[in-house]
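The values are calculated or read from the model by the stated rules, or taken from the named source; none is laboratory data. All values reported here derive from a predicted model rather than from experimental measurement. Don't worry about glycine lacking a Cβ; one is built from the backbone with ideal geometry, like all the others, and counts go over all protein chains shown. All accessible areas refer to the heavy atoms of the entire protein, side chains included, with ligands and DNA or RNA removed. Shrake-Rupley method; radii C 1.70, N 1.55, O 1.52, S 1.80 Å.
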Amino acid sequence: MNYTAEVDHLIERQMRDWQTVTQNYGALERVETRELNLDGSTVMLQFNPERIRSSAAKVDAASLKARKCFLCCENQPQEQEMISWHGKFKIQVNPYPIFPRHLTIALMEHLPQSVMGRIGDMLSLSADLPEFVLFYNGPKCGASAPDHMHFQAGNKGFMPFCDEFQSASVKVKMFAGGKISFCSSSPGRPFVISSEDANEVETLFSQLVSLLPVGEGEVEPMMNVLCRYEQNIYHLAIFPRVKHRPSNYGEGEGQFLLSPASVDMGQAFAVPVEKDFKSLTASDVQAMFDELCLSAQGAEQLIEQFNSKYSHNE
């Protein structure tokens, strides 16, 4: 199946036939944006009031139990269409967009959010949707539906990180059949695995993630993941996280209603509150990255552990 063509048709139909989509994508064309410079890296701020649903989502166990899952077919609006991907995932238009072309790709089954064992699916999806960047939010890393496994996808050319990570400032630390780079100059300090071989990417991901801590009662380390397929090469960016939300999360004075997830790690912040959009500074955003992401020292320790446990030759 030509998924690119199918997705194009899906977006066209939903824009035409579903009023919520028509309104919200129309509003997206008029949103305000501004840029911040974080030591040479660009962060784009987007004032997007509709994203309050995600930023303020209650993701505690009691709240999840009390509400119906909005990713299950039986609970979705009648207007919402889908494309089946190999009978495993459903590709749908996200009605509350950040990107001009924003998809939600949810598992057909109602199973908890976890990327473990599903990186192969993510890579295959990125090859079938080459115009998009795929992304995954861990259950405590920005996912507003941690009870239902899903990816999202947004059109390329939107997140500044995706244009910056291959620049000269990216410091390559490890090599294998594919390579693992440590993006030391990126605010989120991710690791990027690049290879033409999807199996190699999946193996390297598993090896790297196996060295990250898993919280008590959790099924996987805290992380955000971005994936793109470009010129027959898979690029998988892993952002190890140490915290769910920043200490200044909230609506009061000196607080920001921001719950950073993969798109924010990609240096595009969808800001739902106008005062936050106008007042956020580069220092504020850098402080969030520093509080939520693996420290430079932690990254160096992870590199040492990786090289000690796994031998990869240049």
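Stokes-Einstein diffusion coefficient for the stretch 14-159 at 37 °C in a medium of 0.692 mPa s, Rh from the Kirkwood formula over Cα pairs: what value in µm²/s?
This corresponds to a translational diffusion coefficient of 200 µm²/s.
In terms of solvent-accessible area of protein heavy atoms at a 1.4 angstrom probe, what is the ranking of Lys140, Lys243, Lys68, Lys156, highest value first?
Numbers: Lys140 95, Lys243 70, Lys68 155, Lys156 50 Å².
From most accessible down to least: Lys68, Lys140, Lys243, Lys156.
Taking Cβ-Cβ under 4.7 Å as the only way to count a partner, pick out the unpartnered cysteines of the chain.
Cys73, Cys141, Cys162, Cys183, Cys227, Cys293
Per residue of the stretch 120-135, what does 6.51 cos²θ - 1.76 cosθ + 1.60 with θ = phi - 60° give for ³J(HN,Hα)? Whole Hz please, x for Gly and Pro, Karplus curve as stated.
x, 5, 4, 5, 5, 4, 5, 6, 7, 10, x, 8, 10, 9, 8, 8
Under unit Cβ charges (Lys, Arg +1; Asp, Glu -1), what dipole magnitude, rounded to 20 debye, does the chain have relative to its Cα centre? Working shown, then result.
Details: 27 positive and 39 negative charges, 87 e Å.
Its charge dipole is roughly 420 debye.
What are the equivalent ellipsoid semi-axes of the stretch 199-290, built from the alpha-carbon gyration tensor (square roots of five times its eigenvalues), in whole angstrom, biggest first? Spell out each step's value before the answer.
On the way: eigenvalues 176, 63, 16 Å².
Value: 30, 18, 9 Å, ordered largest first.
Using a 1.4 Å probe on the protein heavy atoms only, what accessible surface does Glu74 show? Give it in Å² to the nearest 10.
Roll a 1.4 Å probe over it and Glu74 shows about 140 Å².
Restricting to DSSP H runs of at least four residues, report the calculated mean residue ellipticity at 222 nm for the chain, -39500 (n - 2.57) per run over all residues, nearest 500 deg cm²/dmol. Numbers along the way, then the final one.
Working: 11 runs with 97 residues, N = 314.
Dividing the helical sum by the residues of the chain leaves -8500 deg cm²/dmol.
Using Cα centres only, tell me the gap between the stretch 83-102 and the stretch 24-45 in whole Å.
That distance is 22 Å.
List the residues whose amide H sits under 5 Å from the amide H of Asn94, counting only those 5 or more places along or on another chain, with H placed 1.01 Å from N in the peptide plane.
His102, Leu103, Thr104
List, in order, the whole-Hz ³J(HN,Hα) value for each residue of the stretch 191-198 obtained from phi through the Karplus relation with A = 6.51, B = -1.76, C = 1.60 and θ = phi - 60°; use x for Gly and Pro.
Whole-Hz 3J(HN,Hα) from phi for the stretch 191-198: 9, 10, 9, 10, 6, 7, 9, 4.
So what is the relative contact order of the chain, in percent, for Cα pairs below 8 Å that sit 6 or more residues apart? Don't skip to the answer; put the middle values down first.
Values: 583 pairs, mean separation 64.1, N = 314.
So the answer I get is 20 percent.
Give the distance, in whole Å, between the Cα centre of the stretch 265-283 and the Cα centre of the stretch 209-247.
Going from one Cα centre to the other spans 22 Å.
I want the local charge near Lys243. Using Cβ-Cβ distances under 12 Å, sum +1 for each Lys or Arg and -1 for each Asp or Glu among the other residues. Present the calculation step by step, with values, prior to reporting the outcome.
On the way: positive: Lys140, Arg241, Arg245; negative: Asp290, Glu291.
Local charge sum for Lys243: +1.
Counting only the heavy atoms of the protein chains, how much of Val273 is accessible to a 1.4 Å probe, in Å² to the nearest 10?
Number for this one is 40 Å².
Suppose R0 equals 35 Å; then what is the FRET efficiency for Glu12 and Lys278 from their Cβ-Cβ distance, rounded to the nearest 0.05?
Working: r = 35 Å, r/R0 = 1.00.
Computed FRET efficiency for Glu12 and Lys278: 0.50.
Provide, for q = 0.11, 0.16, 0.19 Å⁻¹, the log10 of I(q)/I(0) from a solvent-free Debye sum over equal Cα point scatterers in the stretch 122-262.
-0.42, -0.89, -1.23
Taking amide H atoms as placed 1.01 Å from N in the peptide plane, list the residues 5 or more away in sequence, or in a different chain, whose amide H sits under 5 Å from that of Phe89.
Here the answer is Met108, since their amide H atoms fall under 5 Å of that of Phe89.
So what's the projected area for the stretch 226-279, the Cα convex hull averaged over all directions, in nm²?
Details: hull surface 18.8 nm².
About 4.7 nm², averaged over all directions.
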